[in-house]
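Reviewing the structure listed below.
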Amino acid sequence: MDEREVYKQALEKWGAEGQITMVFEEMAELQKELCKSLRGKENRIEIAEEIADVEIMLEQMKILFGIEEGVERHKTLKLQRLEGRLKRQEGQLWR
């Protein structure tokens with residue numbers, strides 16, 4: 001079974017509401033680990049684990065809402081915008 005099929009089966013088993021709620025929980029757990037890191041805790045493994053959980057849930061959300069291609073388009077545009085901002089900032093540093 002490929003990843004996409006696993007995501008689809010999870011959505012079928014636990015439903016949209018359950019998986020949307022799970023996104024909130026996983027994002028909160030990532031937020032908690034990042035806050036611990038800011039306070040000086042060495043928790044790279046925990047951060048990696050929580051990022052993996054969030055990414056898995058986000059993949060399910062893309063399938064649930066039928067927005068896989070839309071997300072990729074927006075991601076490309078936002079990365080281009082970020083690159084432009086970085087280049088403008090770089091230019092300002094040399095003035």
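The count of lysine pairs in the chain that are at least 8 places apart or cross chains, and whose C-alpha atoms lie under 21 Å apart, stands at 7.
Specify whether the C-alpha gyration tensor of the chain places it in the rounded, prolate or oblate class, a ≥ b ≥ c being the square roots of the eigenvalues: rounded for a/c under 1.5, otherwise prolate if a/b is larger than b/c and oblate if not. It is oblate, given that a/c is not under 1.5 and a/b is not larger than b/c.
Using C-alpha pairs below 8 Å separated by at least 6 residues, the relative contact order for the chain is 31 percent.
Each part reduced to its alpha carbon centroid, the stretch 65-88 and the stretch 4-42 end up 23 Å apart. The residue among THR76, MET1, LEU11 whose Cα reaches farthest toward the positive pole of the charge dipole of the chain, with charges on the beta-carbon of Lys, Arg, Asp and Glu, is THR76.
Counting each DSSP H run of 4 or more residues in the chain as -39500 (n - 2.57), what helix-only mean residue ellipticity at 222 nm follows after dividing by all residues, to the nearest 500 deg cm²/dmol? Write down the numbers at each step before the final one.
Details: 3 runs with 83 residues, N = 95.
After summing the helix terms and dividing by the residues of the chain, the value is -31500 deg cm²/dmol.
Each reported figure results from applying straightforward, stated rules to the coordinates on display, with no laboratory input. Owing to the predicted nature of the structure, the values given are computational and were not obtained by experimental measurement. Counting neighbours? That spans all protein chains shown, and the Cβs are built from the backbone with ideal geometry, glycine included.
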